[in-house]
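Presented below is the structure to which this report refers.
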Ligand code: HEM
């Protein structure tokens, strides 16, 4: 298990952001490259982030599939590894949780627990505390005090909490509390005749909106995704999730591209980050490699033993293209995947404007420029 490094500021900014006349959306039309105000990954964070990065491509071609595998199995990569625990704490811990707190303060709809989900929220809180203390015993302690009482200590944040499991008088909002202790976004699904997303804390959604999806079924949520219905990916995933057993967690990865080191690219904050996508075609190659990030979600699927709810964890990792290009097998593979990605999938992922340039950029930034990557 990698121990968390000291927390650092999660982002650095290349320059102050221009502001639109209405004071909300940034505009870039007259801003020279290098002065865009888009958050980038600080150079001193690159080594740790790369060593733990869950590079998602296992072939030169990517298609949606019900790509689930047992959790907790370590994955070795060319430069490190990931996947030992269902919770993942790294050097961004304090900064990402501060960012989450700030987002929730501005927009309380990012977290919710429908009334019938109280028991599931308690279950999620205790389960995640157990996972944290098992994976990182130097940083987190969960001490049973007898009966349903526990003492929790988070040495990274200096948090202490004494609570009685299920007693709302001891923790007012268990979902909110556990959301302040893990870097993962959390969704809890209630299993009735289908699975329904009835609780969660989601501050780092990749172009979707938790407030909008709250109360929707698993099948409704996946409605906009192309191909997966014809190819039965989602109905198979739904069957699989309904049969999920306690103590047998599974995981999958998902990916997209983000302009800048931006965790919060939720639909509702589009006015803040959408224009950054639009200005990409006009930036120079150096800045392109620094700003474009491969965004990978490690998603865990866990049946909570007490309440029977399904817990869905989403841990988001971001790495700039420039860093991907330094690892030769990653550079070649990602170039091939992007060049081959079908139009409808590129469109859904919001990559129509950028994917060719990403593929070309990766090809021309190898040790022997262009060698190794093939255009199909
Ligand atoms: C085995 C389980 C699952 C599979 C195979 C699966 C598959 C997918 C796929 C292929 C996409 C499209 C992603 C992309 O191209 O960027 C997607 C999007 C999404 N998934 Fe899942 N998913 C699973 C579990 C879940 C669960 C449990 C939730 C709980 C809420 C969820 C919520 C979402 C959301 C909100 C989106 C974005 C949809 C949109 O853009 O409107 N997924 N999923």
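I'd like the FRET efficiency for residue 284 and residue 109, computed as 1/(1 + (r/R0)^6) with the beta carbon distance as r and R0 of 35 Å, rounded to 0.05. Don't skip to the answer; put the middle values down first.
Working: r = 38 Å, r/R0 = 1.10.
It comes out at approximately 0.35.
So between residue 240 and residue 43, what do we pick up on full extension, going 0.36 nm a residue minus the alpha carbon distance?
Working: separation 197, 0.36 × 197 = 70.92 nm, distance 4.10 nm.
Contour length minus the Cα-Cα distance gives 66.8 nm.
Could you state, as a whole-number percent, how many of the C-alpha pairs of segment 231-376 are farther apart than 28 Å?
Details: 3320 of 10585 pairs.
Summing the P(r) of segment 231-376 above 28 Å gives 31 percent of all pairs.
Would you please calculate the Kirkwood hydrodynamic radius of segment 272-356 over all C-alpha pairs and express it in Å, rounded to one decimal?
On the way: mean 1/r = 0.0657 Å⁻¹.
By the Kirkwood definition, the hydrodynamic radius is 15.2 Å.
In the Gaussian network model of the chain, springs joining C-alpha atoms below 10 Å, which of 196, 177, 93 carries the largest mean-square fluctuation?
Of 196, 177, 93, the most mobile in the Gaussian network model is 177.
Against the longest alpha carbon principal axis of the chain, how many degrees, from 0 to 90 and to the nearest 10, is the axis of helix 233-243 turned?
20
With the radius of gyration and the Kirkwood radius both derived from the Cα set of segment 198-264, what is their ratio Rg to Rh?
Here the Rg-to-Rh quotient is 0.98.
So for segment 91-162, Kirkwood radius off the Cα pairs, Stokes-Einstein at 4 °C and 1.567 mPa s: how many µm² s⁻¹?
93
Using a Gaussian network for the chain with springs between C-alpha atoms less than 10 Å apart, which of these wobbles most: 277, 243, 326?
Judging by the Gaussian network model, the answer is 243.
For the chain, what Kirkwood radius comes out of the mean inverse Cα-Cα distance, in Å?
For the chain, inverting the mean 1/r across all distinct Cα pairs yields 21.7 Å.
Once the Cβ-Cβ distance between residue 209 and residue 159 is put in as r, and R0 is 30 Å, what FRET efficiency do you end up with, to the nearest 0.05?
After rounding, the FRET efficiency stands at 0.55.
Out of every Cα-Cα pair in segment 138-238, what percent are more than 21 Å apart?
Counting pairs separated by more than 21 Å, the tail of P(r) holds 51 percent.
Once the convex hull of the C-alpha atoms of segment 229-304 is built, how many Å³ does it hold per residue, rounded to a whole number?
Residue-normalised Cα hull volume stands at 147 Å³.
Note down the nm distance, to one decimal, between modelled labels 7 Å out along Cα→Cβ at residue 344 and at residue 143.
For residue 344 paired with residue 143, the spin-label model returns 5.8 nm.
Can you pull the one-decimal nm distance between simple spin-label points at residue 269 and residue 248, each 7 Å off the Cα toward Cβ?
The two pseudo-label positions are separated by 3.8 nm.
I need the calculated FRET efficiency for the pair residue 134 and residue 364, taking r as the beta carbon distance and R₀ as 56 Å, to the nearest 0.05.
0.80
Hey, could you grab the Kirkwood Rh for segment 268-313? Inverse mean 1/r over distinct alpha carbon pairs, Å, one decimal.
For segment 268-313, the Kirkwood estimate is 14.2 Å.
Give me the number: length gained by fully extending residue 305 to residue 59, i.e. 0.36 nm times residue separation minus the C-alpha to C-alpha distance, one decimal in nm.
On the way: separation 246, 0.36 × 246 = 88.56 nm, distance 3.55 nm.
Once the chain is fully extended between residue 305 and residue 59, it gains 85.0 nm.
Please report the base-10 log of the normalised intensity I(q)/I(0) for segment 60-187, using a Debye sum with one equal scatterer per alpha carbon and no solvent, at each q in 0.09, 0.11, 0.19, 0.23 (1/Å).
Each listed q maps to, in turn, -0.31, -0.47, -1.20, -1.48.
Among 81, 223, 308, determine the one that fluctuates most according to a GNM of the chain built with springs between C-alpha atoms less than 10 Å apart.
223
So for the chain, averaging the separation of alpha carbon pairs under 8 Å that are six or more residues apart and normalising by length, what relative contact order in percent results?
That works out to 19 percent.
Return an integer: the convex hull volume of the alpha-carbon atoms of segment 45-125, in Å³ per residue.
That works out to 180 Å³ per residue.
Values quoted throughout were computed directly from the atomic coordinates according to the rules given, and no laboratory measurement underlies them. Here the structure is a predicted model, which means the values were calculated and not measured. Cβ coordinates were reconstructed from backbone atoms using ideal geometry, including for glycine residues, and neighbour counts include every protein chain displayed.
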